[in-house]
1. Of the residues that make up segment 151-163, is at least one surrounded by fewer than 16 Cβ atoms within 10 Å (Cβ to Cβ), at pLDDT 90 or above and closer than 16 Å to H6 by Cα?
2. For segment 78-103, which residues satisfy the criterion of being modelled with pLDDT under 90 and either under 23 Å from E143 (Cβ atoms) or of a type in the set (D, E, K, R) (or both)?
3. Which members of segment 101-123 meet the condition of being over 29 Å from G169 (Cβ atoms) and either under 21 Å from the mean Cα position of the chain (by Cα) or surrounded by 13 or more Cβ atoms within 10 Å (Cβ to Cβ) (or both)?
4. If you take the residues of segment 97-125 that are in contact with a Leu (Cβ under 8 Å, 6 or more places away or on another chain) and polar (S, T, N, Q), which of them is nearest to S178 (Cα to Cα)?
5. Does S123 satisfy the condition of being over 27 Å from A69 (Cα atoms) and at pLDDT 90 or above?
6. Is segment 101-108 home to any residue that is of a type outside the set (G, A, S) and in a loop (DSSP other than H, G, I, E, B)?
7. Might you check whether a residue that is surrounded by 15 or more Cβ atoms within 10 Å (Cβ to Cβ) and part of a loop (DSSP other than H, G, I, E, B) occurs anywhere in segment 124-146?
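The values are calculated or read from the model by the stated rules, or taken from the named source; none is laboratory data. Treat the numbers as computed from the prediction; the structure is a model and nothing was measured. Cβ: placed from backbone, ideal geometry, glycine included. Neighbour counts: every protein chain shown.
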Amino acid sequence: MGFRIHAAGSGRYRWHRDYADEGDVYDLAQVMSVVMATPGGVRGVAQEVGTNQVLSQSDATSDSAVQRATRAVGQLTCMHTLRDAFLLCLAERHRVQISVFARTSSSIPFWPDTSAYSRFDYSSGDHRPFWDFINDITPKLEETGLNGFTVLCAIAAAISSWPTRRTRGMPMLNIHLST
């Protein structure tokens, strides 16, 4: 499941990107490894994928050790990138208001979407502004299922690409995530 990010902020800032979720990346890597390792063309690949699907249904988790390790490294790397982008943004502006709106579309027709919203002010004089930011957005991202490391990297990219311009009042950044 991929997602889209839109960001708009003070100073006429507009930015958007489409991203593939880390689950999609793992699925693509798995298919490519099966294709490369399986002789016999399309029929061999279909048999291999079918066998893997049956075997993975019996496992409690279908994530391999490599996937779990990659996810952990990705989470740490993206969290560090987000922290750097957030703190640099705060150092340049001294005080900002950031809102994050997350929405996951339902796969069932006529079923409501899941959405969550947070908006908070952050100041460079706060004791731990990044800690506060993460504590504010994490429950919203978990509620909508958008708590993967690619989402953190996308938010970091949105914050770091927000240009520093003089604006009247408090600089504001609105981030909208959707599936």
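1. Yes; the residues of segment 151-163 include at least one that is surrounded by fewer than 16 Cβ atoms within 10 Å (Cβ to Cβ), at pLDDT 90 or above and closer than 16 Å to H6 by Cα.
2. Residues satisfying the conditions are C78, M79, E92, R93.
3. If the condition is that a residue be over 29 Å from G169 (Cβ atoms) and either under 21 Å from the mean Cα position of the chain (by Cα) or surrounded by 13 or more Cβ atoms within 10 Å (Cβ to Cβ) (or both), then T104, S105, S106, S107, D113, T114 are the ones that fit.
4. T104
5. Yes.
6. As a first pass, look at segment 101-108 and keep what is of a type outside the set (G, A, S): 101, 103-104, 108.
With the extra rule that they be in a loop (DSSP other than H, G, I, E, B), the set shrinks to 108.
Within segment 101-108 (the criterion being of a type outside the set (G, A, S) and in a loop (DSSP other than H, G, I, E, B)), the answer is yes, since at least one residue qualifies.
7. yes
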